Amino acid sequence: MRLRFALMLVALMLVCLNSKSVQSAEVPNVAAASDLQFALQEVANEFARQTGKTVKLSFGSSGNYRRQIAEGAPFELFLSADEAYVYALAKEGKAVDDGALYAIGRLVLFAPKLSLLKPDSEFKDLAAAIQDGRLKKFAIANPEHAPYGRAAQQALTRAGLWEKIQPHLVLGENVSQAAQFATAGSTQGGIFAYAQAISLAISSLGEFVLIPADWHQPLRQRMVLMKNAGETAQHFYRHLQTPAAREIFKRYGFRLPGED
């Protein structure tokens with residue numbers, strides 16, 4: 001009798017453990033570019049309301065995620081700020097295909113409250129601030145692995161300021177960290193994503209202007225499913241291409257595929 005009870009208890013524990021494992025597997029890990037931290041969370045919340053399913057969002061630099069996925073990180077869906085990283089993973093056999101373009105990003109020049117820097121779209125005051133000593137620190141994402149950092153470098157180069165501003169640069173690991181540095185008051189300003197600047201969390205912390213789109217290479221943002229993608233990840237991938245999700249991206253300042 002005791003043996004039978006013990007066996008039943010063990011069987012029940014195994015069922016519970018298996019149930020937890022299945023439940024965990026149904027919550028896919030999603031790697032997303034940092035500029036999406038506000039827009040994508042809203043999309044994921046709407047997805048959960050509609051389907052009852054959830055996803056685990058991780059935000060960071062696209063270049064770092066590209067490397068981690070190539071090395072076996074268990075992400076099921078990747079939303080990159082640079083489509084080249086998606087194409088590379090597809091070529092290496094990590095992704096199911098070439099994915100889909102989901103947005104085109106924009107950059108802003110931002111100055112926090114009380115900063116002596118006055119943002120303008122031609123960087124005229126930024127140039128003057130470097131010259132007259134008003135600029136001490138200036139934040140951008142690291143151009144080596146963050147697409148928005150690379151675009152910031154291109155814009156500063158276009159304005160003839162890249163060499164002059166380098167001694168003042170504070171590099172964020174990703175564009176979210178660059179935004180934190182630029183808004184915290186410890187720098188005179190910075191360059192980061194428009195989608196972050198217009199969010200409720202940041203828009204009240206200072207002033208900003210859009211940087212001309214032709215001052216840097218287009219920030220073509222592409223997403224792709226990994227070969228280990230489960231049903232929920234596939235469902236979320238399809239949801240990201242619905243009119244409701246596209247409307248959220250549009251509200252956060254992204255230009256959408258198929259729109260002029």
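Among all positions in region 118-137, there is no residue which is within 15 Å of S34 (Cβ to Cβ) and among the aliphatic types (A, V, I, L, M). Condition (residue is in contact (Cβ under 8 Å) with a residue 12 or more places away in the chain and within 22 Å of the chain's Cα centre (by Cα)) applied to region 113-136: is it met by at least one residue? No: region 113-136 contains no residue that is in contact (Cβ under 8 Å) with a residue 12 or more places away in the chain and within 22 Å of the chain's Cα centre (by Cα).
Evaluation of I104 against the conditions (1) among the aliphatic types (A, V, I, L, M); (2) surrounded by 22 or more Cβ atoms within 10 Å (Cβ to Cβ); (3) within 14 Å of the chain's Cα centre (by Cα); (4) not in a helix (DSSP H, G or I) shows that the sole unmet condition is (2). Could you count how many residues in region 38-66 are out of contact with any His (no Cβ under 6 Å at 6 or more places or on another chain) and either assigned to a loop (DSSP other than H, G, I, E, B) or without any contact (Cβ under 8 Å) to a residue 12 or more places away in the chain (or both)? Here the count works out to 8. Listed residues H168, H216; which is in contact with a helix residue (DSSP H, G or I) (Cβ under 6 Å, 6 or more places away or on another chain), of a type outside the set (A, V, I, L, M, F, W, C) and in contact (Cβ under 8 Å) with a residue 12 or more places away in the chain? The unique qualifying residue is H216. Which residues, taken from region 40-94, are small (G, A, S), under 13 Å from the mean Cα position of the chain (by Cα) and crowded, with 16+ Cβ neighbours inside 10 Å? Within region 40-94, G60, S61, S62, G63, S80, A81 meet the criteria.
Taken together, D97, D82 contain a single residue that is touching a strand residue (DSSP E or B) at 6+ places or on another chain (Cβ under 9 Å), more than 17 Å from A33 (Cα to Cα) and not aromatic (F, W, Y), which is D97.
Every number in this text was worked out from the coordinates using simple rules, so none of it is lab data. Please read these numbers as outputs of a predicted model, since none were measured by experiment. Cβ atoms come from the backbone with ideal geometry, glycine included; neighbour counts cover every protein chain shown.
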